[in-house]
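Here's the structure, in structure tokens; my notes come after.
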Amino acid sequence: MENNGDLLLFLGKWHPLLVHLPIGMLFMAFVLALLSRKKAYTSLAPAIAPTLLFGAASAVLASISGYLLSLSGGYNVRTLSLHQWMGISAALVSVLCWLLYRPAVRTKDILSPIRKLRFAVLSLMVALLCIAGHFGGTLTHGDGYLTEAMPTPMRKLFGWQPDVFTLENVQEAAVYADIVQPILQQRCQSCHGPKKQEGELALHTFNALMEGGESGQAIVAGDTVGSELFRRLTLPAGDEDRMPPKGRTPITDDQIRLIAWWIAAGAPADKLVKELARPEEIQPILLALESGNAGGAAGDGSVVAYEDIPPAKQEVINKLLAKGIKVVPVAEGKNQLMVNAINYPAFNDDDRELLLGLAANIAELKLGGTQITDATLEHLEQFAELRQLNLENTTITDEGIAHLKGCDKLWYLNLVNTQVTDEGLKTLSDLPELRRVYLYQTKVTTEGIASLVQTAQELEIDTGNYRLPALPSDTIVY
Amino acid sequence: MDKLLKEVQEAELKAVTRRHFLLECVAGVGTLALGSMLGGCFGGNTGGKQGVGLSADALNPIAPRLPHFPGRAKSVIYLHMAGAPSQLELFDYKPELHKLHNQLCPQSLLEGKKFAFIRGTPKMLGPQATFRQYGESGAWISNLLPHFTKVADEVSFLKAVHTDQFNHGPAQLFMHTGNARLGRPSIGSWVTYGLGTENSNLPGFVVLTSGGKTPDAGKSVWGSGFLPSVYQGVQCRSHGDPVLYISDPDGMNRDMKRKAIDAIGAVNREEYATYKDPEILTRIAQYEMAYKMQVAVPEVMNINNEPEYIHELYGTQPGKESFANNCLLARKLVEQGVRFVQLFDWGWDSHGTGADTALDLGFRNKCREIDRPMTALLLDLKQRGLLDETLVVWGGEFGRTPMQENRDNKDMPFAGRDHHPDAYTIWMAGGGVKKGVTWGETDEIGFSAVKGSTSVHDVHATMLHLLGFDHEKLTYEFQGRPFRLTDVEGNVIQALI
């Protein structure tokens, strides 16, 4: 009968609530039994049997409700059967434990031969309980739930590799296996994977993905907008059907773009990246995968790219810090340094030795407003990592600028309010990566700039001195 | 004699506390080391640091930390137009709205919507400004911002930002703390927590207000919430003492102050050794900061020494409280290594209840007051080479309706618009933001987003990204769980970066 079915499922739904009772109770019994073996705690012994009785009774109830719940389906069969049989075994053994610990009713007792082993049986029961509990957790929270949040240092302790999502060579990578599948694994498969298939949808194999789920086909090859998977990913935030659901780690824009790109290309099972057309907007995202930033961070103008280089000597850094000079790595895990003398305006040529010790590591050097002269810049060609150099409000001249030759990575140069002239600009045309030069309040002329622009076309030169002419509307008060 | 004895006693106490402190340090260093070793074990915090208590740099809580990746932006200037300026008179050009002017609003737009003041069926209100496209990017800018048109190509627009609050207080809190309720740290606090300050003599997060009123949400919009209070915004004033009580009182000289701070610091360190409360470290740092600020702040807050052409550029008048003065101060502060400068300008709540809130009167005055200064700010940052690493954000807490406000279902004396949370405009410039991009689009009357809908969390995620932070990883452990500015939402707007 229809009603009957509902009632059974309703009872089944009590399982998650009931199941925690026997866990606590039976553990308590185990603790009591353990303690009562010590002389000081023998008085606890009589409490073991009643605790076991309650524990066993609730275990039986939990098993029944669990079975009823399992009828509703939707669980991974293998994990479910492990959980079910471990749970039922634990319940049965807990009943046996109660019988063994119960004060003997009759003198002759069929259980007496194994009564001596009762603590071992109790231990076995607790072990079963733990295993059943673990599989229960796996059923509700997904495979790997317990270990996925394990911190990397601890993972290393166990010899497990962290799930890094990087590609050696993105052009040679398989679009589905190396890019799409890892994204699905990262963001979707705790609910739509081998262990759990919400909405009857699994995404862990190519066939399962293509098969779709309750709402029909998930992927329509070649039709991004018509694919249910894409629709669900791009519904407005707050929509009930949006995936991943609220509260789960959201999928990033880049990841959605990668999936969309793959679907649009016909959702091939085994094509490589280089075999598909790569629209302009996809290229930076693909490149970012090589640096391990599938979260959508690197590979664009807002983030500066830095290679791995050996770290600087800490004692050299400490010398700068002692003077009040800021020395900070450009980012976590990078050995390039930002050096800023803003808190040490007395910085002068005598201090340049300090910088030389960090020559291989300094990426940004801010010496604006200090006492330096051209001499400080003498060994600048050794600063191979230098991307940004601030020399504004100093007495630097063309002679100092000449030392910039060899700073092949220099991107930004601030010469505001210095003695630099057109002569100094000539050095700059040889710097391949230079994109920004600031020349406000210098002696450069329009001719000098014009000739620099000719040789360095990507360079943005700013001479400032902006004015906003007065407009009639400036004075109209309404 | 009594006095002398007391002094000896005090000196003794001083010695004891120092020794005590050092002793505590021996145990403390071990704990710190353990803390950093375990650091990786508690979620993805910045450098594994769990607030100030466990940080290796415990005695300098505002020391620079590390971004997750090398972002282009190093500092932020946030220009908040408190009261919410009308996007329909500034950037979101809707010619269709002209045609509908004075017609009754169709019921379909009103169904299921709640407005702060509109009741019954309001009339549509055509744009109260004229528009043209400017620059190579073809950005639409109205005639109310004539100077700003010069920098059209430096700026990128978010045209379809939405919030979920339609009252000023909660909406301002949402815009600045990522949550409409009190108690969360402001974005300036998050950024200073993440990056520290460059200049050790100035606060990392400075707030400047203009327009004669502080924001409706009060000072919580620059509060530090559950972050250590050292990260809260320091409000500076542009006349009188820049920071209240910063000058020494009569009869107190700088040496005496130094001694007093040393003594208080020693007591505080002993307190910390006993109780390990990070707020005590904040207090020590703040005493030290205040002492340094006594010299540094009046210097940086003084705009009298700026050359005349700079005053002309910004339209500044020294000694006045104005948005123009605050823009110039913002440039000076960023130049001096302040991480986050927050400007609030009050007076944008254009309901049309009076001449001062009428779109064709008071609103135009407000536009004039900001037009020159904010344009000057971008140009001045640019000529000093600061715009590459300074992110400038402009916006209100929500937008305004395409309908004319009809408070209490009556016609209003002046042209005004009600609060509208569904779609409004924010612009960003500098700090690694692409130039000349327009992201998002509203329907033909500017009522709802049709493309590129952007949430407040998305704006925050993008700002943090530009500063080098993964917004999902910049967290702080509080009440048993890691908190972040973007809560559980937010996507970086890829079109802007």
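The values are calculated or read from the model by the stated rules, or taken from the named source; none is laboratory data. None of these values were measured; they are calculated from a predicted model. Using ideal geometry, Cβ is built from the backbone for each residue, glycine included, and neighbour counts are taken over all protein chains shown. Keep in mind that these areas ignore ligands, DNA and RNA; they rest on the heavy atoms of the full protein, side chains included. Shrake-Rupley method; radii C 1.70, N 1.55, O 1.52, S 1.80 Å.
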For B:ALA160: the one exception among (1) on the phi < 0 side of the Ramachandran plot; (2) in contact with a helix residue (DSSP H, G or I) (Cβ under 8 Å, 6 or more places away or on another chain); (3) buried (at least 22 other Cβ atoms within 10 Å of the Cβ): (2)
Any hit, region A:58-80, residues being farther than 27 Å from A:LYS195 by Cα, at pLDDT below 90 and of a type in the set (S, T, N, Q): no
Strands (runs of 3 or more DSSP E) (entirely within region A:317-397) containing at least 1 residues that are crowded, with 21+ Cβ neighbours inside 10 Å, among the small types (Gly, Ala, Ser) and in contact with an Asp or Glu (Cβ under 6 Å, 6 or more places away or on another chain): A:362-366
Test: residue in region B:314-322 that is among the aromatic types (Phe, Trp, Tyr), within 14 Å of chain A (Cβ to nearest Cβ) and touching a residue at least 40 places away in the same chain (Cβ under 8 Å): yes
Within region B:447-460, tally of residues that are closer than 17 Å to A:SER302 by Cβ and at the interface with chain A (Cβ under 10 Å from one of its Cβ atoms): 1
Answer from B:ARG417, B:ARG481 - the residue that is open to solvent by less than 10 Å² (accessible area, probe 1.4 Å), more than 9 Å from every other protein chain (Cβ to nearest Cβ), more than 30 Å from B:LEU387 (Cβ to Cβ) and basic (Lys, Arg): B:ARG417
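Working carefully through the options A:GLY464, A:GLY400, find the one that is touching a helix residue (DSSP H, G or I) at 6+ places or on another chain (Cβ under 6 Å) and part of a loop (DSSP other than H, G, I, E, B). Before you say what the answer is, go through the steps one by one.
Details: A:GLY400 fails: part of a loop (DSSP other than H, G, I, E, B).
The match here is A:GLY464.
So, in region B:451-472, how many residues would count as being on the phi < 0 side of the Ramachandran plot and at pLDDT below 90?
Within region B:451-472, the subset on the phi < 0 side of the Ramachandran plot is B:451, B:453-467, B:469-472.
Narrowing further to those that are at pLDDT below 90: B:451.
Residues meeting the conditions: 1.
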Residue ID - modelled with the lowest pLDDT, chosen from residues in region A:162-173 that are open to solvent by 20 Å² or more (accessible area, probe 1.4 Å) and closer than 21 Å to A:ILE263 by Cβ: A:PHE165
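Kindly indicate which of A:ILE461, A:ILE449 is in contact (Cβ under 8 Å) with a residue 12 or more places away in the chain and more than 24 Å from A:ALA305 (Cβ to Cβ). Let's see the steps before the verdict.
On the way: A:ILE461 fails: more than 24 Å from A:ALA305 (Cβ to Cβ).
Going through A:ILE461, A:ILE449 in turn, just one is in contact (Cβ under 8 Å) with a residue 12 or more places away in the chain and more than 24 Å from A:ALA305 (Cβ to Cβ): A:ILE449.
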Sole exception among (1) within 11 Å of another protein chain (Cβ to nearest Cβ); (2) of a type in the set (Val, Ile, Thr); (3) open to solvent by less than 10 Å² (accessible area, probe 1.4 Å) for B:VAL488, by number: (3)
Among the residues listed as A:ILE114, A:ILE110, the single one being outside any helix (DSSP H, G or I) and assigned by TED's automatic domain parsing to the domain that holds A:LEU17: A:ILE110
Filter result for B:ALA56 (in a loop (DSSP other than H, G, I, E, B) and modelled with pLDDT of 95 or more): no
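Can you tell which of B:GLU397, B:GLU444, B:GLU405 is in contact (Cβ under 8 Å) with a residue 40 or more places away in the chain, open to solvent by 10 Å² or more (accessible area, probe 1.4 Å) and more than 14 Å from every other protein chain (Cβ to nearest Cβ)?
Going through B:GLU397, B:GLU444, B:GLU405 in turn, just one is in contact (Cβ under 8 Å) with a residue 40 or more places away in the chain, open to solvent by 10 Å² or more (accessible area, probe 1.4 Å) and more than 14 Å from every other protein chain (Cβ to nearest Cβ): B:GLU444.
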Hits in region B:363-385 - residues which are more than 9 Å from every other protein chain (Cβ to nearest Cβ) and either assigned to a loop (DSSP other than H, G, I, E, B) or open to solvent by 30 Å² or more (accessible area, probe 1.4 Å) (or both): B:GLU369
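Yes or no: B:ASP360 outside any loop (DSSP other than H, G, I, E, B) and either closer than 16 Å to B:PRO242 by Cβ or among the acidic types (Asp, Glu) (or both)?
Criteria not met by B:ASP360.
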Unique residue being surrounded by 15 or more Cβ atoms within 10 Å (Cβ to Cβ), free of Cβ contacts under 8 Å to residues at least 24 places away in the same chain and not basic (Lys, Arg) when the list is A:SER36, A:SER43, A:SER81, A:SER65: A:SER36
First in region A:333-357 and farther than 14 Å from B:SER200 by Cα, second anywhere and of a type in the set (Asp, Glu) and buried (at least 16 other Cβ atoms within 10 Å of the Cβ), Cβ under 6 Å, 6 or more apart: A:GLN336/A:GLU385; A:MET338/A:GLU364
Qualifying position, being surrounded by 18 or more Cβ atoms within 10 Å (Cβ to Cβ) and at pLDDT 85 or above, among A:ALA177, A:ALA218: A:ALA218
Residues within region B:258-277 that are assigned to a helix (DSSP H, G or I), open to solvent by 40 Å² or more (accessible area, probe 1.4 Å) and not small (Gly, Ala, Ser), tallied: 10
All positions within region B:325-349 that are among the acidic types (Asp, Glu), open to solvent by 10 Å² or more (accessible area, probe 1.4 Å) and either in a strand (DSSP E or B) or under 19 Å from B:GLY211 (Cβ atoms) (or both): B:ASP349
Candidate set: region B:138-192, residues that are free of Cβ contacts under 8 Å to residues at least 24 places away in the same chain and among the polar types (S, T, N, Q); chosen: the one farthest from the other protein chains (Cβ to nearest Cβ): B:THR149
Test set (1) over 29 Å from B:HIS420 (Cα atoms); (2) surrounded by 24 or more Cβ atoms within 10 Å (Cβ to Cβ) - B:GLY196 fails condition number: (2)
Members of region A:303-354 that are farther than 26 Å from B:THR390 by Cα and hydrophobic (A, V, I, L, M, F, W, C): A:ILE309, A:ALA312, A:VAL316, A:ILE317, A:ALA322, A:LEU354
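Restricting attention to region A:429-478, and to residues there that are acidic (Asp, Glu) and within 8 Å of chain B (Cβ to nearest Cβ), which single residue is nearest to B:ALA358 (Cα to Cα)? Write out each step before concluding.
Initially, region A:429-478 is screened for residues acidic (Asp, Glu), giving A:430, A:433, A:447, A:458, A:460, A:462, A:474.
When the remaining residues are screened for being within 8 Å of chain B (Cβ to nearest Cβ), the result is A:462, A:474.
Working: A:ASP462: 40, A:ASP474: 19 Å.
Here the answer is A:ASP474.
Within region A:432-457, which residues are touching a strand residue (DSSP E or B) at 6+ places or on another chain (Cβ under 8 Å) and either of a type in the set (A, V, I, L, M, F, W, C) or in a loop (DSSP other than H, G, I, E, B) (or both)? Before you say what the answer is, go through the steps one by one.
Residues of region A:432-457 touching a strand residue (DSSP E or B) at 6+ places or on another chain (Cβ under 8 Å): A:434-440, A:449, A:452-453.
Matches in region A:432-457: A:LEU434, A:ARG435, A:VAL437, A:LEU439, A:TYR440, A:ILE449, A:LEU452, A:VAL453.
Which of the following residues is surrounded by 13 or more Cβ atoms within 10 Å (Cβ to Cβ) and under 28 Å from A:GLU307 (Cα atoms): A:THR234, A:THR252? Show your work before the answer.
Working: A:THR234 fails: under 28 Å from A:GLU307 (Cα atoms).
That would be A:THR252, the only listed residue that is surrounded by 13 or more Cβ atoms within 10 Å (Cβ to Cβ) and under 28 Å from A:GLU307 (Cα atoms).
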Where a residue in region A:8-20 is over 10 Å from A:SER63 (Cα atoms) and its partner, wherever it lies, is assigned to a helix (DSSP H, G or I) and open to solvent by less than 100 Å² (accessible area, probe 1.4 Å), with Cβ under 7 Å and at least six apart: A:LEU8/A:LEU68; A:LEU9/A:LEU68; A:LEU11/A:SER65; A:LEU11/A:LEU68; A:LYS13/A:LEU69; A:TRP14/A:SER65
